[in-house]
Structure formats: C-alpha cells, structure tokens
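A short worksheet on the structure shown next.
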Amino acid sequence: MKIATTLTAAATLLAPTLAFTSPKQASNPLTPSKAFTLPQENGAWAPHSSHPDTRHTILPQELGVWSTSPPAGYVPPPTSHIDTRKKILEQESKGVWPTSPPPGWVCPKPEGCCAEDIREAWESYAPYSHDGRVGALGFVGCPGGGDWCYASSGAATTRSGGAPPSVSSKAQSVAAALAGLGSGMPQRSRDNSGAKKSYGIGSWKNTGTFNEVSSADSFDSLGESSWAINSNSQAPTSIKPRRPIVAGNWKLNPSTRAEAITLLKLLAANFLNNRNTNQSADTPETVIFPPLPYLSDAVEILEGTGIQVGAQDVGPNEKGAFTGEVAPSMLVSAGCSYVLLGHSERRTLFGETDEEINAKLHKSLEQPSLKVILCVGETLQEYENGLLESVVDSQIRKGLDGVDPAVLMNDRVIIAYEPVWAIGTGLVATPAQAQHAHVAIRNSLANMYDTEVAGSVRIQYGGSVTADSTEELMGENDVDGALVGGASLNADSFTRIYDGATTANARKKGNSFSDNHFQPLELTASLALATTNALGESPVWSDRDQCLYWVSATEGEVWRWDLHSQPHRRLINSAVGCVGLLQSSAPGSLIIAAESAILTTTMITPGGDPNSPIPDFASGPSFLCDRPEHMSTTRPNDGRVDRFGNFVVGMYNQYHRVGATAGENNAGLFRLNSQSLHWEEILDYRFRVSNCICFSSDGRTMYFGDTPTRTVYAFDYSPNGPLTNRRMVWTMPSNMPGGPDGAQVDANGKLWVAVTGAGRVVQLNPSTGNIEMTVHVDANPTSLTFGGQNLDELFITTRAPNGGGLYRVKMPYGIRGVPEPEFLLNVSRQ
Ligand code: PEP
C-alpha cells in the first residue's frame with residue numbers, strides 16, 4: 001500500500017514565490033532554433049574529395065603495384081644527379097663519414113682496415129644520388145638510363161610538427177647541405193653489383209615500405225645502418241599493407257585463476273558486443289598472452305571476440321624428458337595462435353641467448369598455425385652509447401638466423417621493438433624514437449633479406465604503452481602496433497589501446513570509419529530558453545503532453561515547456577535528481593526522484609486547461625515511496641524510466657558535491673518496480689556519480705557512466721534482474737576536458753552524451769566508440785533528449801555558472817529520438 005503525503009504546506013512555508021524571469025532575454029525568453037551549421041566539405045574532413053582523379057591513379061601504387069613508366073607529365077629534372085652527388089660528397093669530405101664500417105661489412109684486407117677503407121666501404125655501399133620531386137607520392141625509376149638511379153619524393157617534405165629527434169651533427173650538416181639542393185628528400189640508390197637499381201628510402205608513404213621523413217630529420221630517422229642496403233635488393237613491387245597488431249603481455253599476472261577469468265570476461269564483453277564486428281584488414285589484430293595455466297580459459301572465454309591467445313614463451317623441444325618445458329605443438333592444441341619469444345625479461349632474468357631464442361623460433365614455426373612475436377631492444381646503457389642500431393641488428397640477425405624470407409613474407413614472424421629502458425618503467429619512447437628504431441629494424445631486415453621483406457614485416461613498439469600514448473606512437477609510419485604489459489591487465493585500458501590503434505591506422509591510411517569523414521560532423525546548438533538553472537538536468541519529452549520536462553537539481557525545481565508558451569516550474573522543496581513521465585489520465589503527470597523521497601506530481605492544473613500550468617506551490621507533489629539508499633551521503637541523481645515501465649535511478653556521492661578531494665564509491669544503481677514499488681539494486685559495484693542512464697529502443701541495452709571515471713558502459717538490461725555483460729563503449733580522450741553527464745539514444749541506436757566541462761554533446765557510435773558528431777554548446781551542458789513534434793530536435797540542459805539555459809538544435813540527416821516511456825504505476829502488465 002502506498003502512502004500519499006502532501007508536501008505543499010512545507011514548501012509554501014519555506015520557499016518564496018518566484019516568477020519566471022529571463023535575465024538574458026527578458027522581453028522574449030524564446031529564441032527560435034537556428035539552422036544547424038552544415039558540416040564543411042573542407043580538406044580536413046574530406047581528404048579524398050579534392051583530387052579524386054589523382055587519388056584514383058595513385059591508389060594502385062599504394063597497394064604496391066608500382067608503374068614502370070614515369071607518371072604522366074613527368075619531366076626529368078634539369079639538375080644532374082651526378083652533380084648532386086658531387087655536392088653531397090663535398091659535404092661528406094668535410095668529415096661527415098661514419099667512423100665505424102657499415103653493418104655487415106667485412107674488412108677485405110688481411111693486414112686490417114683503416115679509416116680510409118671504412119670511408120670507401122661506405123662510398124661503395126651508399127653512393128648518393130638525388131633529384132627533385134615528382135608528385136605527391138614519389139616516383140622510383142631510372143629515367144636517365146645511366147648507372148645511377150634515384151628516388152625522390154615530395155611527400156617526404158610534408159611531415160611537420162615537433163623538433164627532429166636528436167639529430168647528430170653529421171646528420172644535421174648533411175641534411176643542411178641537402179636542404180640547399182632542392183626541396184625533395186635525399187635518396188640513396190646504388191649500383192655496386194653493376195646492375196641498375198631503382199629504389200630509395202624514405203619516400204614510400206602508404207606502400208608499406210620504409211618511412212616518410214622530413215628533410216630536417218631524414219638522416220637521423222634513417223640512421224647510419226640504412227646506408228648499407230643489401231645490394232641485391234629490388235624495388236618494392238608487391239608490398240602488402242601491414243595490418244596493425246595490438247598484443248597484451250600479462251607476464252606473471254593475475255595471481256589467481258578467478259581473477260584471470262574476471263579480466264577475460266570484461267575483455268570479452270568489451271570486444272564481443274562492439275569491436276569484433278569490425279575485424280578487417282584495417283582494424284588491429286589483437287592477441288593476449290596470459291600465463292600458461294590460464295590459456296585454456298582465455299581461449300574459451302575469448303571465443304568470438306576476435307582476440308587471439310598466445311603464450312609468453314615456449315621450449316625448443318617437441319616432447320620427451322624435458323621437465324617443466326612446453327612444446328609449440330602443445331600451445332597449438334590448447335588453442336594458441338601466437339607465441340612471444342625473446343622478451344627482455346627472459347633475456348635478462350633467465351639468461352636466454354639469441355641462439356636459444358632462435359631454436360625456439362624454428363621449433364615454433366614448424367607449427368603451421370603458430371605465429372611468433374620476436375622481441376628485440378637495447379638497454380639504457382646501449383641506447384646512451386648510440387648502440388641501438390647495432391644491438392637490434394644483432395638480435396634480428398641471430399634471432400632470425402636460418403629463417404626463410406617466405407616465412408617473413410607470410411607474416412609468420414612479427415618483431416616487437418621493446419627498449420629495455422621503457423619496459424615497466426613508465427618511460428615511454430617518444431614516437432620519433434620509436435620510429436627511428438623501427439626504421440633501423442627494417443634496415444636490418446633489408447640487409448638480411450631484401451627491401452620487400454623489410455617492408456612486409458610488422459613491427460610493434462612495446463614499453464610502457466598506455467591508452468594515451470598509443471595513437472601518437474602508432475601514428476608513425478613504421479610503428480605497426482603495440483606490445484603492452486601493465487596496461488593490458490585492465491580490460492578498459494587495453495580496449496582503449498585497441499581503439500587508439502584503430503584510430504591511428506585509419507588516420508595513417510587517410511581512411512574514415514564509415515562515412516568518409518574522419519572528423520566528426522559539427523553542429524551548434526542555440527539558446528532556446530534563457531532560464532538560469534543552477535543545475536539543469538534530466539530533460540524528458542512527453543509525446544502525450546507535447547512538452548519538455550526537466551529539473552534544476554539543486555534548486556529543487558521541475559520545469560515544463562511546450563516550445564511555444566512561457567516555460568514554468570514548480571518547487572519541490574528537496575533536491576531533485578531526475579524526473580520521468582508517469583502513465584496517467586492526468587496530463588503533465590511525472591514521477592520525481594527527489595532527495596527526500598520518490599514523488600509524483602502534475603505540472604498542469606488538474607481538470608483545467610491542459611495548457612494551464614500549475615502554480616509553483618499548488619497541491620502536491622505526492623509521496624509515492626521511499627527513495628533508495630537511506631543515507632545522507634548519497635542522493636538520487638540521473639535516471640530514466642526503462643522501456644518496461646520501471647524507474648531506474650542512480651545515486652550521487654554527496655562528498656563529490658561538496659568538493660571533497662577523495663570521492664568514495666558509495667553510490668548504487670537502483671530500479672523501482674512500478675508494480676511492487678520495491679527497489680532492486682541492479683549494479684554489483686558502487687560508484688560516485690551516476691550518469692548517462694538511457695536505453696536502446698528495444699530496452700535491452702542500458703548505458704551507464706560514473707562521471708569521474710570518464711567512461712561510458714553498455715550493459716545487457718532485463719526488467720527482472722541485474723545488469724549483466726558490461727562492455728566499455730567510450731572513454732573520453734585525454735585531451736577532452738570534463739566528464740560524461742546525461743545521455744540519450746537515438747532511433748538509429750547512436751548514443752548522445754552531454755560532456756559537462758567540455759561545452760559539447762557528442763554522438764557516439766556504440767559499436768566503435770567513435771565520435772561521429774559533435775554539438776557545440778556555448779554553456780556547460782548537463783543532459784539531453786530528443787523532442788519536438790517529430791522528435792527531431794535535440795534539447796540540452798546546462799548548468800551555472802557557465803550556463804543555466806536550455807539549448808536546442810535541429811537534427812540533420814533524419815536523426816530522431818525514440819518516444820520516452822512512462823512509469824506504469826499500477827498499470828497491469830501482461
Ligand atoms: C612488456 O612487458 O612487453 C611491456 C611492454 O611492458 P610495459 O607495457 O608494462 O612496459
């Protein structure tokens with residue numbers, strides 16, 4: 001039985017009579033909706049549209065099918081490459097030759113070699129030639145017909161931003177000399193086998209080969225080892241695009257199987273419902289490396305998620321008397337598709353040698369379905385002594401000794417560059433440092449095999465990678481993925497790393513996600529009502545009443561506006577978290593989650609004109625039932641009526657409200673059953689600030705976010721049980737201020753989130769976590785919903801001090817909302 005209590009008297013005593021005033025627009029509080037700002041077709045948003053024809057012709061080349069004739073209209077530049085070479089040599093003669101020989105060079109003289117020999121070695125290995133630019137993506141060929149060929153690229157000069165990484169004086173002086181020779185990149189080719197060669201380094205952006213470098217950092221990026229390219233190398237004719245790969249190395253974690261299963265389930269949920277639908281050559285391949293005892297659980301729990309499973313090490317033997325060992329065939333039979341070899345912790349803590357690693361690698365490759373991630377990387381001391389190139393070169397040569405090039409071309413071995421000084425230290429390499437090392441590794445591969453192999457092998461960076469550093473690291477052309485230790489032990493961090501890798505890859509390829517617009521479309525909301533809500537929240541549109549309701553939470557006000565007349569409000573005498581529509585024959589009926597209790601009210605004078613607002617202190621509201629969680633440390637905050645007619649209300653940590661520094665996870669998420677009026681706690685953990693509560697149109701997915709965590713989750717929702725199957729939908733990028741506040745779902749299933757503190761509402765694709773639209777709000781937005789006759793306008797509440805008004809924006813492209821459900825109080829349901 002419910003008890004009805006009238007709160008009117010108390011309200012009348014305590015609150016002064018307030019009339020609506022509009023300080024900003026006193027004469028006319030209603031501002032018509034402005035036309036939305038159309039998305040611009042500028043270069044940034046539509047990078048391919050400006051020169052579609054050129055793009056069309058270039059694309060086959062990007063796939064590796066290079067034409068053997070020069071591009072149409074190409075005229076060999078007037079400057080002879082021989083002249084250019086002379087100028088470079090002049091510069092080099094000023095003492096810029098390396099003092100150590102090219103990698104792999106063996107002194108041919110029995111009596112030993114001197115500096116002059118070394119210089120000659122370099123000269124014969126790396127004669128330069130250089131020419132002007134050809135087009136935006138470079139051209140490789142020997143149009144002059146002479147012995148010296150050249151390669152050049154205008155694209156090579158396009159990189160910008162940031163200081164070049166620690167350029168050696170040699171590199172600087174040579175680069176400076178070259179800068180005076182033309183705007184193209186210096187390129188090397190050679191002919192020490194006597195045959196015409198036609199490749200260069202540094203210009204094949206998007207071919208998958210080597211790197212795009214600017215003239216400022218060219219020599220540093222290439223490194224000295226790049227001077228010694230295998231003389232039998234051929235031009236890259238069929239380089240495959242490299243699919244990014246993100247891997248998580250759990251090391252000796254977590255401590256128990258139960259914890260591992262929890263982590264696996266959270267990971268599975270993040271990928272299963274969203275990211276696995278995107279598995280393609282453009283999205284990162286994903287692997288985790290749990291400890292051996294958890295491998296089978298991992299394989300089972302991750303089935304269907306697209307996440308593969310690997311082992312952190314393996315033995316070099318097949319079977320027999322090798323106590324404690326594990327064979328590659330056993331890993332395969334347990335469902336593994338990867339094995340990690342040569343991790344620096346195995347090298348340093350367990351004394352593993354390159355030879356042992358090589359033996360394990362060969363044994364692993366005997367399993368046709370097993371791939372190897374081979375880790376290489378220098379120590380801090382080696383790095384500081386400039387030994388990066390020689391250390392990784394030696395690790396690559398020894399680790400891959402005897403491995404057929406076809407194995408590498410078939411993507412059976414991935415290299416992980418993991419500088420030892422960055423592993424587990426929090427010292428992440430800068431993107432330029434990682435790029436530099438990856439180019440050095442490609443050069444080693446080119447020396448050992450050829451440029452085609454070097455351009456095909458995927459190289460991951462590892463060492464303190466976090467969700468915040470992934471995108472930038474992987475923005476580098478030769479960084480094809482990340483090997484993640486610590487951050488892979490948190491399902492959401494690892495998911496964010498995957499998302500960052502996806503974004504970086506799309507950006508690298510100049511791709512978009514689904515609509516040919518990488519950048520979100522931009523709209524601007526305009527002020528519709530100059531209310532001065534201290535904390536506007538919880539807008540709901542009533543189809544029945546054709547009006548919008550919302551609250552000013554801390555002022556204990558409920559507002560109503562039919563989009564035509566003056567808005568009006570009534571006072572509740574209690575802070576109000578949220579309102580929902582109440583099924584009733586009386587128009588304007590609402591259910592209110594107030595701090596004191598759950599109340600019902602009408603916003604229309606009972607029995608009167610349906611448009612006649614109830615006075616501020618008219619009778620009611622009525623007590624419906626107790627609020628959940630009887631403690632002063634929380635109060636109701638965000639909430640909505642679910643699509644089955646119940647009221648879901650999340651609580652709010654009062655400490656947070658008064659600005660306590662350390663928020664406590666003391667708030668719960670509850671559902672009020674409209675038949676029994678019983679509360680059920682539906683989330684099995686506690687949090688600080690409930691927000692983002694909204695439902696998919698079929699009511700089976702509920703969104704929720706704890707604002708201070710800046711993360712939004714989706715759950716499976718049933719009206720009869722707790723939330724299940726949590727998966728991360730979005731974590732706010734580190735460069736976006738604020739936190740996720742109120743949210744709503746549109747009829748297409750996209751999630752709209754008000755980002756308080758960031759002056760915007762974002763439309764998210766819950767399948768990808770991508771922001772597809774941004775609505776700018778010149779105030780601090782708090783929540784939103786769709787409204788208007790056709791549910792095709794977005795209404796946004798805001799808060800003081802930078803706001804308090806109601807904003808609106810007309811939706812483009814047929815976007816519309818889903819009618820808001822009503823709380824079915826005492827309505828019998830089937
Ligand atoms: C690793 O162990 O491979 C690793 C990169 O660790 P972390 O990310 O913790 O530095």
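The values are calculated or read from the model by the stated rules, or taken from the named source; none is laboratory data. Since we're looking at a predicted model, the values are computed, not measured. Counting neighbours? That spans all protein chains shown, and the Cβs are built from the backbone with ideal geometry, glycine included. Note: accessible area is taken over every heavy atom of the protein model, side chains too, but ligands, DNA and RNA are not part of it. Shrake-Rupley method; radii C 1.70, N 1.55, O 1.52, S 1.80 Å.
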Open item on the list: I need every pair where a residue in region 422-435 that is touching a residue at least 24 places away in the same chain (Cβ under 8 Å) and assigned to a helix (DSSP H, G or I) has its Cβ under 9 Å from the Cβ of a residue that is open to solvent by 20 Å² or more (accessible area, probe 1.4 Å) and within 7 Å of the ligand (Cβ to nearest atom), sequence separation at least 6 or different chains.
Closed with: 422/464
- [ ] Determine whether region 359-379 contains at least one residue that is of a type outside the set (Lys, Arg), in contact with an Asp or Glu (Cβ under 6 Å, 6 or more places away or on another chain) and within 16 Å of the ligand (Cβ to nearest atom).
- [x] yes
Open item on the list: So residue 348 ticks every box in (1) within 16 Å of the ligand (Cβ to nearest atom); (2) crowded, with 21+ Cβ neighbours inside 10 Å but one. Which box is left unticked?
Closed with: (2)
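Per-residue answers, yes or no, for (1) closer than 29 Å to residue 272 by Cα; (2) hydroxyl-bearing (Ser, Thr, Tyr):
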position: 307; (1), (2): yes, no
position: 311; (1), (2): yes, no
position: 315; (1), (2): no, no
position: 322; (1), (2): no, no
position: 330; (1), (2): yes, no
position: 337; (1), (2): yes, yes
position: 369; (1), (2): yes, yes
position: 378; (1), (2): no, no
position: 388; (1), (2): no, no
TODO: Pull up region 379-419, narrow it to residues that are closer than 15 Å to residue 363 by Cα and not in a helix (DSSP H, G or I), then point me to the one that is farthest from the chain's Cα centre (by Cα).
DONE: 402
Open item on the list: Residue under question is residue 331, and the condition is that it be aliphatic (A, V, I, L, M) and either surrounded by fewer than 17 Cβ atoms within 10 Å (Cβ to Cβ) or at pLDDT below 95 (or both); does it hold?
Closed with: no
Open item on the list: For the condition modelled with pLDDT under 95 and acidic (Asp, Glu), what is the one hit in 793, 772, 820?
Closed with: 772
Open item on the list: When the residues of region 632-654 are narrowed to those that are open to solvent by 10 Å² or more (accessible area, probe 1.4 Å) and out of contact with any Ser or Thr (no Cβ under 9 Å at 6 or more places or on another chain), which ends up nearest to residue 667 (Cα to Cα)?
Closed with: 633
Task: Subset of region 401-422 [within 16 Å of the ligand (Cβ to nearest atom) and surrounded by 21 or more Cβ atoms within 10 Å (Cβ to Cβ)] - done: 414, 415, 416, 417, 418, 419, 420, 422
TODO: Report yes if residue 503 is among the β-branched types (Val, Ile, Thr), under 30 Å from residue 725 (Cβ atoms), surrounded by fewer than 23 Cβ atoms within 10 Å (Cβ to Cβ) and more than 10 Å from the ligand (Cβ to nearest atom), otherwise no.
DONE: yes
Open item on the list: Here is a check on your reading of the model: is residue 323 more than 16 Å from the ligand (Cβ to nearest atom) and either open to solvent by 40 Å² or more (accessible area, probe 1.4 Å) or assigned to a helix (DSSP H, G or I) (or both)?
Closed with: yes
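Being open to solvent by 20 Å² or more (accessible area, probe 1.4 Å) and within 29 Å of the chain's Cα centre (by Cα) is the filter here, so list the residues in region 811-830 that pass it. Spell out the reasoning first.
At the first step, the residues of region 811-830 found to be open to solvent by 20 Å² or more (accessible area, probe 1.4 Å) are 813-814, 816, 818-822, 824-830.
Of everything in region 811-830, those that are open to solvent by 20 Å² or more (accessible area, probe 1.4 Å) and within 29 Å of the chain's Cα centre (by Cα) turn out to be 813, 814, 816, 818.
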Open item on the list: The conditions are (1) away from the ligand (no atom under 16 Å from the Cβ); (2) without any contact (Cβ under 8 Å) to a residue 12 or more places away in the chain; (3) not small (Gly, Ala, Ser), and residue 398 fails exactly one of them. Which is it?
Closed with: (2)
Open item on the list: Criterion first (out of contact with any helix residue (DSSP H, G or I) (no Cβ under 8 Å at 6 or more places or on another chain) and open to solvent by less than 50 Å² (accessible area, probe 1.4 Å)) does residue 314 satisfy it?
Closed with: no
Task: Residue match in region 341-354 (condition: in a loop (DSSP other than H, G, I, E, B) and under 28 Å from the mean Cα position of the chain (by Cα)) - done: yes
Task: Given (1) in contact with a Gly (Cβ under 7 Å, 6 or more places away or on another chain); (2) within 12 Å of the ligand (Cβ to nearest atom); (3) open to solvent by 10 Å² or more (accessible area, probe 1.4 Å), number of the condition residue 427 does not satisfy - done: (1)
Task: Flag if residue 260 is surrounded by fewer than 23 Cβ atoms within 10 Å (Cβ to Cβ), at pLDDT 70 or above and either in contact with a Ser or Thr (Cβ under 8 Å, 6 or more places away or on another chain) or of a type in the set (A, V, I, L, M, F, W, C) (or both) - done: yes
TODO: Say whether the condition of being in contact (Cβ under 8 Å) with a residue 12 or more places away in the chain, within 25 Å of residue 367 (Cα to Cα) and small (Gly, Ala, Ser) is met by at least one residue in region 317-325.
DONE: no
TODO: Return the total of residues in region 478-493 being away from the ligand (no atom under 15 Å from the Cβ) and surrounded by fewer than 24 Cβ atoms within 10 Å (Cβ to Cβ).
DONE: 2
Open item on the list: So if I check each of 661, 711, 707, which one is more than 23 Å from residue 597 (Cα to Cα), surrounded by fewer than 19 Cβ atoms within 10 Å (Cβ to Cβ) and modelled with pLDDT under 95?
Closed with: 661
TODO: Exactly one condition in (1) more than 16 Å from the ligand (Cβ to nearest atom); (2) part of a loop (DSSP other than H, G, I, E, B) is not met by residue 313; state its number.
DONE: (1)
Open item on the list: Against the definition (within 22 Å of residue 477 (Cβ to Cβ), open to solvent by less than 30 Å² (accessible area, probe 1.4 Å) and more than 16 Å from the ligand (Cβ to nearest atom)), how does residue 432 come out, yes or no?
Closed with: yes
TODO: Please find, within region 447-464, the residue that is farthest from the ligand (Cβ to nearest atom) out of those that are over 17 Å from residue 379 (Cα atoms), open to solvent by 10 Å² or more (accessible area, probe 1.4 Å) and part of a loop (DSSP other than H, G, I, E, B).
DONE: 450
